[in-house]
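Input: a single structure, listed below in structure tokens.
The values are calculated or read from the model by the stated rules, or taken from the named source; none is laboratory data. Keep in mind that this is a model prediction, so the values were computed, not measured. Cβ sites come from the backbone with ideal geometry, for glycine too, and all protein chains shown count toward neighbours.
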Ligand code: HEC
Ligand code: HEC
Ligand code: HEC
Ligand code: HEC
């Protein structure tokens, strides 16, 4: 093979490889990276997202041991990044009911309560 052909072949395989990667990444279903089902959320997330874990520990859920899976589900099964109110109702039924008031239109719990720290923002939220 001439140098040109080799170069072209290399370029083509590189392009194919990159395209393949893009397709693989693009095809990844929305969800958690594969870590098996029995992963300890807090132990790993203390390393991968230390800020999130710190805020959870400092907030009322961390203090009361309301764990990550309560909102996010378990990796590989019922995982969700953005929990809806179905995941709150067993403990905060009153607040979930109040979300159907007209003034709450377009809001979620997290419009007022920061995701992990949960302490509400000041007035004028
Ligand atoms: C072995 C390590 C490991 C374990 C165990 C683990 N995670 Fe993760 N998790 C990760 C990594 C890595 C990411 C990607 C982080 C990033 O994108 O910065 C991630 C991302 C996430 C995200 C964000 C997803 C998104 O769409 O951005 C959430 C929420 C999450 N994990 C919750 C959990 C919960 C709940 C558990 C336990 C049921 C758990 N994780 C267990 C490593 C882990
Ligand atoms: C009260 C429910 C709740 C609990 C409990 C909870 N999270 Fe979240 N988490 C959320 C919400 C809401 C978001 C924002 C999702 C969005 O809008 O993208 C989020 C986002 C995340 C993200 C994405 C990065 C970010 O900063 O937004 C990670 C990672 C994450 N959570 C990990 C965890 C881990 C680890 C725990 C336990 C230590 C945990 N969460 C506990 C509600 C919760
Ligand atoms: C297993 C029970 C349980 C579930 C499920 C649960 N929480 Fe909680 N939550 C608690 C406990 C316990 C506290 C601390 C005591 C209290 O303030 O009621 C708390 C406190 C809070 C607070 C405290 C606000 C403050 O200023 O004191 C907010 C906000 C909150 N939870 C939001 C949520 C949201 C949003 C969900 C669903 C995505 C959820 N929780 C699901 C048990 C739960
Ligand atoms: C429009 C803003 C807003 C929305 C939306 C909202 N909250 Fe609150 N929440 C507050 C404020 C403000 C407080 C009062 C905090 C205080 O006095 O410490 C509060 C207090 C709480 C408390 C503490 C107990 C109490 O009654 O004072 C819990 C638990 C709570 N909210 C859960 C939720 C849940 C779960 C959702 C969604 C179903 C939600 N909140 C939606 C603003 C909001």
message: Quick test of your reading of the structure: residue 32 fulfils all but one of (1) more than 16 Å from ligand 4 (Cβ to nearest atom); (2) closer than 18 Å to residue 120 by Cα. Name the failing condition by number.
response: (2)
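For residue 101, state whether it is away from ligand 1 (no atom under 15 Å from the Cβ) and on the phi < 0 side of the Ramachandran plot.
Numbers: away from ligand 1 (no atom under 15 Å from the Cβ): yes; on the phi < 0 side of the Ramachandran plot: yes.
Taking the combined requirement at face value, the residue satisfies it.
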query: Among the residues of segment 50-87, which ones are over 16 Å from residue 31 (Cβ atoms) and out of contact with any helix residue (DSSP H, G or I) (no Cβ under 9 Å at 6 or more places or on another chain)?
result: 50, 51, 58, 59, 60, 64, 65
- line: Selection over segment 73-97 where residues are more than 20 Å from residue 120 (Cα to Cα) and either near ligand 4 (Cβ under 9 Å from one of its atoms) or crowded, with 16+ Cβ neighbours inside 10 Å (or both) yields a count of 2
message: If I ask for residues that are more than 16 Å from the chain's Cα centre (by Cα) and exposed (fewer than 14 other Cβ atoms within 10 Å of the Cβ), which ones from segment 109-125 would you list?
response: 111, 112, 119, 120, 121, 122, 123, 124, 125
Residue in segment 55-62 that is modelled with pLDDT of 95 or more, within 7 Å of ligand 3 (Cβ to nearest atom), more than 14 Å from the chain's Cα centre (by Cα) and exposed (fewer than 14 other Cβ atoms within 10 Å of the Cβ) present: yes
